[in-house]
Amino acid sequence: MSDASISPEQLRQLCEQLGLQRAFKLYPDAVRAAAERGLRPLGDPPGSHVATAAPAAVFNPARFERDP
Amino acid sequence: MTDLVYLSVAEGAALLRTKKLSPVEWTKALLDRIAAFDPSYNAFLVVTAERALDEAKAAEAEITAGKWRGPLHGVPYAAKDIFDVTGMATTCHSKIRKDHRATADAFAIHKLTEAGAVFMGKVALHEFATGGPAFDLPWPPARNPWNRDLHPGGSSSGSGAALAAGFVPMALGTDTGGSVRNPATCCGIVGIKPTYGAVSLSGVFPLTHSLDHVGPMTRTVEDNAIAFHAIAGHDPADPTSTRQPAGNCLKYLKAGLKGLRIGVIEHFYTEDAAADPDQVRGITDAIDVLRGLGATVRPIRVSPLPLWTDCNRTIHAAESFAIHERDVRERPEDFAMLTRNRLLPGAFISASKYIKAQQLRAALCRQFAEATRELDAVVTLSSLLLPCKIDDTAAVLKTYDQQARLVFNVTGTPAVSVPTGFSRSGMPLAMQIAGRSFAEPMVYRIAQAYCEAAGTCISTDPKTQPRLLAAPSTAAAE
């Protein structure tokens, strides 16, 4: 979902899926603002950036090994 | 001995080592000052007076016996209430955590205890190190010693306030999007966000695992370097803790700036976002000082500030929601309004967007490394705006994205906030000095040369200190 515009019914359903019914009931305006912020697409990366060649953080199991 | 309360760590250490000052005397002077003034500034959540006096007495006995542990032996400090201290609640300034009890010390607390420092208590923060100054929590927000109606910055707000108010010479903070450097900026003190992994996060309540940093806060650059040395080092209990030893930040601290090459990221505050003219004047004058000290300063460009903000905020929202998900779902009313509003967006961030933000982070890190390859350090503004009214929520929210601190949480590289003077309204101004990974020695060297030449740090000279109010008329309203 990349479109930040969302209908009241879509928002209600989304909150139900996300378990946010209580927050939506108590703070509907804050939840709407949060949804618009969270669903907003990320800005364009620098020109040289190639997403398929630039993985996010690489998992390194050695970092979890404690000293003997 | 006229001004124990604004004694620096280095000054105090020299007096303690030569037995011209007793740690007990220093601790008592600070406890008296806290008792007299903190009701107006709310820096402390808990003052551990009895423990502090016990530790000060122990330090005195050891020093008298010739067992001086080092420059923090007998030196008082406070910790943001996000660090575990055995037997105490780590409340994170939240009612959700008020019944917590820590069963071990955080790594940084442990290191300071080993160094012989004297623990004075836990200081205020923005709830869970996010949100903002809140009036709907069990404790009031910390106030700015330069003007108690204005925001002291956050989230390490109590640490900044306690230092500027002369309550302690050293404090611990944490920094995910600028939370050490923001109060350092607003309160006119020195605060560093070290290289990611240089200081262990063990025993620190997390906000955003991949952006969180522990950083020392002090009134002088030298004190900050001393404190950083004490808390840096590998911790096998923290998977993010680096094995690379911290560089010697004191050896070349006073080596000067001749021949150094410094970049300035001007477009953050001249093109990307509107900055207060006083803040711009502060850094412009500071750059002149750097040039006068023999450094070459030239503008450099990286991606626009809003892209860095987007990257930081997306990672922050997703990771912090993962931590607080259950409470946001089940008891959202128990968070302060500002905290809740900061945590909720994370619920709506898709896995794809989070991964793209981490990819963007990698691209921005490469770009920053390339832009600084030929440089010793960079400078840019910290806050683009001046501190706003503490109870003006709209103004507080405006300051969130009008800052250039989160850039260095994205890169994970060290950045220190140093004072650059005062606004026309009498509030502290500041800039950041940032370097490549593990370049803390260079960052401190430049900060030291600048602050010494410009004379911008709070010291025992009363002209450099805020004038505190003992009994504000508005205190009763809190």
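The values are calculated or read from the model by the stated rules, or taken from the named source; none is laboratory data. Bear in mind the structure is a predicted one, so any value in this text is a computation, not a measurement. Reconstructed Cβ throughout: ideal geometry from the backbone, glycine too, with neighbour counts over all protein chains shown. For the accessible areas, the whole protein counts, side chains as well, though only heavy atoms, and no ligand, DNA or RNA atoms are used. Shrake-Rupley method; radii C 1.70, N 1.55, O 1.52, S 1.80 Å.
Among the lysines, which fall within straight-line cross-link reach of B:Lys95, defined as a Cα-Cα distance under 22 Å, with same-chain neighbours fewer than 8 residues apart omitted?
A:Lys25, B:Lys80, B:Lys122
Roughly how many Å² of B:Val47 are accessible to a 1.4 Å probe, to the nearest 10?
60 Å²
Place the peptides B:273-282, A:43-52 in order of packing, highest mean first, counting for every residue the other Cβ atoms within 10 Å and averaging per peptide. Provide the component values of the computation, followed by the final result.
Values: B:273-282: 17.6, A:43-52: 12.6.
Averaged packing, sorted descending, gives the order B:273-282, A:43-52.
Rounded, prolate or oblate for the stretch A:1-41? Axes are the square roots of the Cα gyration tensor eigenvalues, ordered a ≥ b ≥ c, and the cut-off for rounded is a/c under 1.5. Walk me through the numbers before you get to the answer.
Working: a/c = 1.89, a/b = 1.53, b/c = 1.24.
Prolate, because a/c is 1.5 or more and a/b exceeds b/c.
Using packing as a proxy for protection, rank B:228-238, B:294-304 so that the peptide with the highest average count of other Cβ atoms within 10 Å comes first.
Details: B:228-238: 20.2, B:294-304: 16.4.
Ranking the peptides B:228-238, B:294-304 by packing returns B:228-238, B:294-304.
For B:Ala447, what charge total do you get from the other residues with a beta carbon under 14 Å from its beta carbon, if Lys and Arg give +1 and Asp and Glu give -1? Walk me through the numbers before you get to the answer.
Values: positive: B:Arg181, B:Lys193, B:Arg219, B:Lys254, B:Arg445; negative: B:Glu222, B:Asp223, B:Asp376, B:Glu440, B:Glu452.
Taking every other residue near B:Ala447 into account, the sum is 0.
By per-residue mean of other Cβ atoms within 10 Å, what is the highest-first order of B:122-132, B:53-63? Don't skip to the answer; put the middle values down first.
Numbers: B:122-132: 28.5, B:53-63: 18.6.
Descending mean neighbour count gives B:122-132, B:53-63.
Which whole number gives the average count of other chain Cβ atoms within 10 Å of the Cβ atoms across peptide B:258-264? Write down the numbers at each step before the final one.
Working: counts 0, 0, 0, 0, 0, 0, 0.
Other-chain Cβ atoms within 10 Å of each residue's Cβ, averaged: 0.
If I take R0 = 56 Å and measure r between the Cβ atoms of A:Gln10 and B:Thr64 in this structure, what FRET efficiency does the formula 1/(1 + (r/R0)^6) give, to the nearest 0.05? List each step's numbers first, then the result.
Working: r = 72 Å, r/R0 = 1.28.
The value I calculate is 0.20.
Between B:Thr86 and B:Ala351, what is 0.36 nm times their sequence separation minus the Cα-Cα distance? Round to one decimal in nm. Mind showing how you got there, number by number?
On the way: separation 265, 0.36 × 265 = 95.40 nm, distance 3.67 nm.
Length gained, B:Thr86 through B:Ala351: 91.7 nm.
For peptide B:360-367, compute the average count of partner chain beta-carbon atoms within 10 Å of each residue's beta-carbon. Don't jump to the answer; show the numbers that get you there.
Details: counts 9, 4, 8, 8, 3, 0, 4, 5.
So the per-residue partner count for this stretch is 5.
Using a probe radius of 1.4 Å on protein heavy atoms only, what is the accessible area buried between chains B and A, both sides summed, to the nearest 100 Å²? Provide the component values of the computation, followed by the final result.
On the way: alone 17500 and 6290 Å², together 20960 Å².
By this definition, chains B and A bury close to 2800 Å².
How much FRET efficiency would the formula 1/(1 + (r/R0)^6) give for B:Ala395 and B:Asp54, where r is the Cβ-Cβ distance and R0 is 51 Å, rounded to 0.05? Could the numbers behind the result be given before it?
Values: r = 43 Å, r/R0 = 0.84.
Efficiency at R0 = 51 Å is approximately 0.75.
Please arrange B:Lys353, B:Lys19, B:Lys95 by accessible surface area, largest first, computed with a 1.4 Å probe and ligands excluded.
On the way: B:Lys353 25, B:Lys19 120, B:Lys95 70 Å².
Ranked from most to least accessible, the order is B:Lys19, B:Lys95, B:Lys353.
Calculate the mean, over all residues of peptide B:167-173, of how many other protein chain Cβ atoms lie within 10 angstrom of the residue's Cβ. Write down the numbers at each step before the final one.
Working: counts 0, 0, 0, 0, 0, 0, 0.
Counting other chains' Cβ atoms within 10 Å and averaging over B:167-173 gives 0.
For chain B, taking Cα atoms only, what is the radius of gyration to one decimal and the Dmax to the nearest whole Å?
Both quantities, over Cα of chain B: 20.5, 61 Å.
Put a dot 7 Å past each Cα toward the Cβ at B:Asp461 and B:Arg424; how far apart are the dots in nm?
Computed distance between label sites B:Arg424 and B:Asp461 equals 2.5 nm.
With Cβ to Cβ distances under 10 Å as the rule, what net charge do the other residues near A:Ala23 carry (K, R +1; D, E -1)?
On the way: positive: A:Arg22, A:Lys25, B:Arg329, B:Arg331, B:Arg340; negative: B:Glu330, B:Glu333.
Charge balance near A:Ala23 sits at +3.
Could you rank B:Arg436, B:Arg181, B:Arg17, B:Arg361 by how accessible they are, 1.4 Å probe, largest area first?
Values: B:Arg436 100, B:Arg181 0, B:Arg17 135, B:Arg361 30 Å².
Accessible-area ranking of B:Arg436, B:Arg181, B:Arg17, B:Arg361, largest first: B:Arg17, B:Arg436, B:Arg361, B:Arg181.
Order B:Asp310, B:Asp392, B:Asp175, most accessible first, counting only protein heavy atoms with a 1.4 angstrom probe.
Values: B:Asp310 35, B:Asp392 65, B:Asp175 0 Å².
The residues order as B:Asp392, B:Asp310, B:Asp175, largest area first.
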